[in-house]
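Shown next, in structure tokens, is the structure this report addresses.
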Amino acid sequence: MTDLDVIPTLSPEEIAEIEHEVALIPRRDSAAIDALMIVQRHRGWVSDSSLKAIAALLEMSPEELDGIATFYNLIYRQPVGEQVILFCDSVSCWLRNGDGVKEKLSELLGIDYGQTTADGRYTLIPVPCLGACDRAPVMMVGDDLHTHLDDCDLASLLTCEANHD
Amino acid sequence: MATISIDGKHYEVEDGSNVLEAVLGLGLDLPYFCWHPALGSVGSCRQCALLQFQNADDDRGRIVMGCMTQVTDGMLLSLSDSRAKAFRADVIEALMTNHPHDCPVCAEGGECHLQDMTVMSGHRDRRYNGLKNTHVNQDLGPLIHHEMNRCIACYRCVRYYQDYAGGTDLAALGSHDHVYFGRHEDGTLESEFAGNLVEVCPTGVFTDKSLVHDYTRKWDLQSAPSICTACGVGCNTIPGERYGRLKRIHNRYHHEVNGYFLCDRGRFGGGWVNSERRLRQAGAQMSDGCFAPLTQEQAVQRLQTLCGADSKLWGIGSPRASLESNWMLRSLVGDEHYCPGFGPEQDALRAVMTALTEGGVATATLPEIEAADLVIIVGEDITQSAPRIALALRQSVRNLGLEQAANLGVQHWQDAAVRNIAQNTRSPLVEWVSASTRLADVATKTLTLAPTDIARMGFALAAALDEGAGVDGLTADQTTHVVQLASRVLGAKRPLIVSGCSSHDASVVYAAQALAAAVARRHAATRVVYTVPECNSVGVGLLKGTHKDLADVVAAAEAGHIDTLVVLENDLYRRMKKEWVTRLAAAVPNIVVLDALETSTCDAAQLVLPVASFTEAEGTLVNAEGRAQRFYPVVSDVGERLPGWQWLRLAAVGRANRSDLETLMHLDQVLEAIAAEQPQLDGIRAAAPDASYRDRVGLKAARQPHRYSGRTAMYADKTLHEPKTPVDEDAPLSFSMEGESHALPSALRSFVWDPGWNSNQSLHKFQAEIGGALKGGSAGIRLIEPKGQPAPGAYSVPAAFEPPLSGWYLTAQYRIFGSEEMSAHAPGILAVSAGPTLILSADDALQLALAADDGVTLITADGSVDCEVTVDPALPKGTVGFVVGHAHLLDLRAGETVSLEKKPGLMRRSEVIASDGVRVYG
Ligand code: SF4
Ligand code: SF4
Ligand code: FES
Ligand code: FES
């Protein structure tokens, strides 16, 4: 059952952004994905308490919203690192030694798919095709797409990303 | 009709249905998972694949999904083609990759659709060697057990729970190989109809928790056709028994009463028959107040002495006792000394009886409720008072959407497409109620009003339709609402008026009858539904004679006219105020109480006799639509207990004028006698076949499945001798696995089973048409058919509600869990029932500085009682609601004026759940 008291868990900015999306569509619950993305943008992930607050704001049950949230790989229902690495594990990248690169990357970071580095910097997640097959193998680090990956330049790429911010 | 060819044979099938339905309807086998007769098709599991050919020259064909393919004339299909078979085998193999193969420890085993379909599809050897997914299960509350690893992701559960039952707290979580069906966190499932998941889920994910903890396989359960005794709807049930204990209650399909589903009170509320508080032996009260046990023989002697020839005998019957028992009591004491024992609902109930018998408008069957295109609810929170009806009303609001889909050429069974087209479109459902309801989410409009104002709305709308004089003093909003609704009524085709006894206010029922008459004059297809609180309220109401009210009984007692008072299955504290019971007990020298459970009334009795429950006796109940239905014992060893009518028959021995009663040894004889004396009840004999029923080979109907095991070993701890088959002379059923279990009259079907179909899905083998009537005919018989023209009845408009100058006006509020006497003693129901609750409006709560769960003392003219607060923002100004039937609130009456005081010291419910699960209030 929806508990309205939990809405203030969200910040006024988040609520304002969500209400903006709601205003553009006929039903409040249709803004579910946008609302989840908004909160994730602010907080990096969607916690249980955020989920309940968004559900209350959109007049839906936490279950209905969680069904949507957990359907999408890119809505994080667990804390992630500062940067999320989306590594393509689909066929073009695989043909171009994606697996080898992934192994090297895992070795460098000390994590496998679904894990976060001990320093909290990176989370590694597989993604089925980033639409850049012509430049395979590819991955995204945060919002940046990296193409033509090669085991050799991984280390410098990560250092570079690290200096980036 | 369409002619289709399946594997070269021609068949006539219904046009417009889907191929799966048609195939099953023909009695052929085609495995399926996601399709369900009540839920329609979504084509998600791919199990019902078969081959369709373009034309006679096409020898390749193509795979189609049976449930998603519409039947067309001349269709060429194959079920047995090897490619179709291989496809189906592959599908089930894929569905089974994560399955834990834990059938031996699974409560579904032996009645599992997944087992049946796996065998049917020919998947025998597992080839997948990879790791299986495993899930963490959830605690879904005291009623339902969760075991996610067994899931095959057919999506039936969420489609039932969300789309059909309107629940919001169960969802499909995750995606692809990780999909999970549960809540977002542990917690009790909120829907009042969650228990149907047990039967809807084709695997062992959702199972009956009480059965899991006290387990018996379906094939080892002894069952019998029965009727739910937990409200007036009279859903048909199948209780299952082993070792003398009720193990579980399953739905028994009745096309016109309950279809495929029960409510949770009915499914889980029967557990009271196993309760420690059951009376097992007769007892006589001694001078110290304790009861000395009596043998059956001693008890009968004592009873006969107390009811002796010159004893002035009176009797109080019960709307929760069978028609036979009530009639026997009435015959024993004489009709002028018989009181039906109704409680505070009496006036409203009498109004309902008049509306049913003289209102001239037919009561809706279940399919008619579901087909309604306009529903007006007059004063009922129907989810709490007649739950199964609420589930049907949830389907009725879909009709406008279904119509839109039909206009686009989409069949009603195309579930996802229909819902997509309909979106939020709903047929109108208007509620006039005295508090927030659980149907508000599908209602077009919910008006909360005091009961008299509800009645005024009914009369106003009736007047608007009859173009008669309106009701004075409506607010502007109310007037607009009435005008708008009147035009909607004119535009409707199948309107339905729902009302009943729940407000304990007869004016509400009068208004509903007047409204129904006005609507029915416009539309012949108008139907009504009136709720009554108990399983035999209408049956007792139909008994004719000069009956007395409880007040008359007390008066007679105090005038010294009663020597012995026989109280049949009735806890008087639930019917009249404590003070009156005390007066009655003081004035009557001898009270005999017959009951199944120990009640407070027993303390006032000199003699207490143990009565057989619905699982131990045979009898007839008449439901709210006036349908007489028979229930049969499922337990053979009832010990010292007797059905109420049997005790009363024995009591008649010494009564000079009624010694004839003693000769009515068998239920069929009692039925004959009732019919002979009360012509309006003549139909009860035809409600089910009599005890002389025999199948083709001369046997009675079987209560045990063919594979019933351990018959000779079950009681080896008591005796090493092979027990004889218990004899049941009264019933057309035997306590045996011998006898017909297939070609049976529907009233005698103890279980559904068909070769290869061990689960309840085998039901389609017994239906004349999928989702339609049963081949064995309709069980039970309607005793009330509308006669004459629609009649408005007592047309007196009450004055508008005025909030009391000081204090509050009490309104009656039913709760599905807790308001009904017997089910409240079932452990599962007890665990989900609320405490003694007082419902306050948000304004009043604010003013009194009270919040939800706070303590409040309610002060009436007779005394005071402590309650827990629930806040309902929609509660009409000047009113507070109390929960009917809660053991602490029995002395409260709707319509009383009460005052309130904050009670700081009250411990909250969460703090006082004692270790044995029984709640204590300080
Ligand atoms: S839990 Fe049962 S009903 Fe739900 S998807 Fe799984 S197998 Fe189907
Ligand atoms: S309580 Fe009423 S609605 Fe529920 S199963 Fe029993 S008869 Fe049906
Ligand atoms: S396969 Fe990797 S980007 Fe398309
Ligand atoms: S039953 Fe037809 S696809 Fe599931």
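Here are some notes:
- Qualifying positions in the stretch B:258-271 - away from ligand 1 (no atom under 16 Å from the Cβ) and surrounded by fewer than 24 Cβ atoms within 10 Å (Cβ to Cβ): B:Gly259, B:Gly271
- Among (1) open to solvent by less than 50 Å² (accessible area, probe 1.4 Å); (2) without any contact (Cβ under 8 Å) to a residue 24 or more places away in the chain; (3) not β-branched (Val, Ile, Thr) - the single one B:Glu380 does not satisfy: (2)
- Only a single criterion out of (1) assigned to a helix (DSSP H, G or I); (2) outside the structural domain of A:Ile18 (by TED's automatic domain parsing); (3) surrounded by 14 or more Cβ atoms within 10 Å (Cβ to Cβ) is not satisfied by A:Leu65, namely (2).
- Residue, nearest to ligand 3 (Cβ to nearest atom), within the stretch B:18-46, restricted to residues that are surrounded by 19 or more Cβ atoms within 10 Å (Cβ to Cβ) and among the polar types (S, T, N, Q): B:Ser41
- Note on the stretch A:107-124: among residues that are open to solvent by 20 Å² or more (accessible area, probe 1.4 Å), under 20 Å from A:Asn73 (Cα atoms) and away from chain B (no Cβ under 14 Å), the one that is nearest to ligand 3 (Cβ to nearest atom) is A:Asp112.
- Selection over the stretch B:467-513 of residues that are under 22 Å from B:Thr811 (Cα atoms) and in a helix (DSSP H, G or I) gives a count of 9.
- Conditions (1) within 14 Å of chain A (Cβ to nearest Cβ); (2) open to solvent by less than 50 Å² (accessible area, probe 1.4 Å): number failed by B:Asp186: (2)
- Tally, over the stretch B:387-412, of residues that are open to solvent by 10 Å² or more (accessible area, probe 1.4 Å), more than 21 Å from B:Arg265 (Cβ to Cβ) and within 29 Å of the chain's Cα centre (by Cα): 5
- The residues on offer are B:Leu189, B:Leu114, and the sole one that is hydrophobic (A, V, I, L, M, F, W, C) and touching a Ser or Thr at 6+ places or on another chain (Cβ under 9 Å) is B:Leu114.
- B:Thr69 among the hydroxyl-bearing types (Ser, Thr, Tyr) and closer than 16 Å to B:Ile4 by Cα: yes
- In the stretch B:541-617, counting only strands (runs of 3 or more DSSP E) that sit wholly within it, the ones holding 3 or more residues that are of a type in the set (Val, Ile, Thr) span B:564-568, B:590-595.
- Condition check for A:Ser156: assigned to a helix (DSSP H, G or I) and without any contact (Cβ under 8 Å) to a residue 40 or more places away in the chain: yes
- Test: residue in the stretch A:60-72 that is among the hydroxyl-bearing types (Ser, Thr, Tyr) and modelled with pLDDT under 95: yes
- Cβ-Cβ contacts under 8 Å between residues 6 or more apart (or on different chains), taken from a first residue in the stretch B:454-468 that is on the phi > 0 side of the Ramachandran plot to a second residue that is in a loop (DSSP other than H, G, I, E, B), are absent.
- Residue among A:Ala55, A:Ala35 that alone is in contact (Cβ under 8 Å) with a residue 24 or more places away in the chain, open to solvent by less than 70 Å² (accessible area, probe 1.4 Å) and either over 20 Å from the mean Cα position of the chain (by Cα) or more than 8 Å from every other protein chain (Cβ to nearest Cβ) (or both): A:Ala55
- Scanning the stretch B:717-742 for residues that are hydrophobic (A, V, I, L, M, F, W, C) and under 18 Å from B:Val635 (Cα atoms) gives B:Val727, B:Ala731, B:Leu733, B:Phe735, B:Met737.
- Test result for B:Gly204, in contact with a helix residue (DSSP H, G or I) (Cβ under 6 Å, 6 or more places away or on another chain) and either over 19 Å from A:Met60 (Cα atoms) or away from chain A (no Cβ under 14 Å) (or both): yes
- Any hit, the stretch B:212-222, residues being under 19 Å from the mean Cα position of the chain (by Cα) and not acidic (Asp, Glu): no
- If the condition is being in a helix (DSSP H, G or I) and either surrounded by fewer than 21 Cβ atoms within 10 Å (Cβ to Cβ) or away from every other protein chain (no Cβ under 12 Å) (or both), then the stretch A:69-88 contributes only A:Phe71.
- Residues of the stretch B:1-17 satisfying the condition of being polar (S, T, N, Q) and open to solvent by 40 Å² or more (accessible area, probe 1.4 Å): B:Thr3
- For B:Ala800, the conditions (1) assigned to a loop (DSSP other than H, G, I, E, B); (2) within 33 Å of the chain's Cα centre (by Cα) all hold with the exception of (2).
- Selection over the stretch B:107-137 of residues that are surrounded by fewer than 21 Cβ atoms within 10 Å (Cβ to Cβ) and closer than 25 Å to B:Asp186 by Cβ gives a count of 6.
- Residue check for B:Ala826: within 30 Å of B:Ala464 (Cβ to Cβ) and modelled with pLDDT of 95 or more: no
- Selection count where residues are open to solvent by less than 20 Å² (accessible area, probe 1.4 Å) and part of a loop (DSSP other than H, G, I, E, B), scope the stretch B:822-844: 6
- Any hit, the stretch A:10-19, residues being over 21 Å from B:His176 (Cα atoms), open to solvent by less than 40 Å² (accessible area, probe 1.4 Å), in contact (Cβ under 8 Å) with a residue 60 or more places away in the chain and not β-branched (Val, Ile, Thr): no
- Exactly one residue among A:Arg121, A:Arg135 is in contact with a His (Cβ under 6 Å, 6 or more places away or on another chain) and either under 24 Å from A:Val39 (Cβ atoms) or without any contact (Cβ under 8 Å) to a residue 40 or more places away in the chain (or both), and that residue is A:Arg135.
- Scan of the stretch B:678-693 for residues that are out of contact with any helix residue (DSSP H, G or I) (no Cβ under 9 Å at 6 or more places or on another chain) and surrounded by 14 or more Cβ atoms within 10 Å (Cβ to Cβ), ordered by number: B:Ala686
- Any chance B:Asp163 is within 14 Å of chain A (Cβ to nearest Cβ), within 30 Å of B:Ser396 (Cβ to Cβ) and open to solvent by 10 Å² or more (accessible area, probe 1.4 Å): yes
- Residues in the stretch B:754-764 that are open to solvent by less than 30 Å² (accessible area, probe 1.4 Å) and either touching a residue at least 40 places away in the same chain (Cβ under 8 Å) or part of a helix (DSSP H, G or I) (or both): B:Trp757, B:Ser759, B:Gln761, B:Ser762, B:Leu763, B:His764.
The values are calculated or read from the model by the stated rules, or taken from the named source; none is laboratory data. Remember, it's a predicted structure, so these values are computed and weren't measured experimentally. For neighbour counting, all protein chains shown are included, and Cβ atoms are generated from backbone atoms with ideal geometry for every residue, glycine included. Keep in mind that these areas ignore ligands, DNA and RNA; they rest on the heavy atoms of the full protein, side chains included. Shrake-Rupley method; radii C 1.70, N 1.55, O 1.52, S 1.80 Å.
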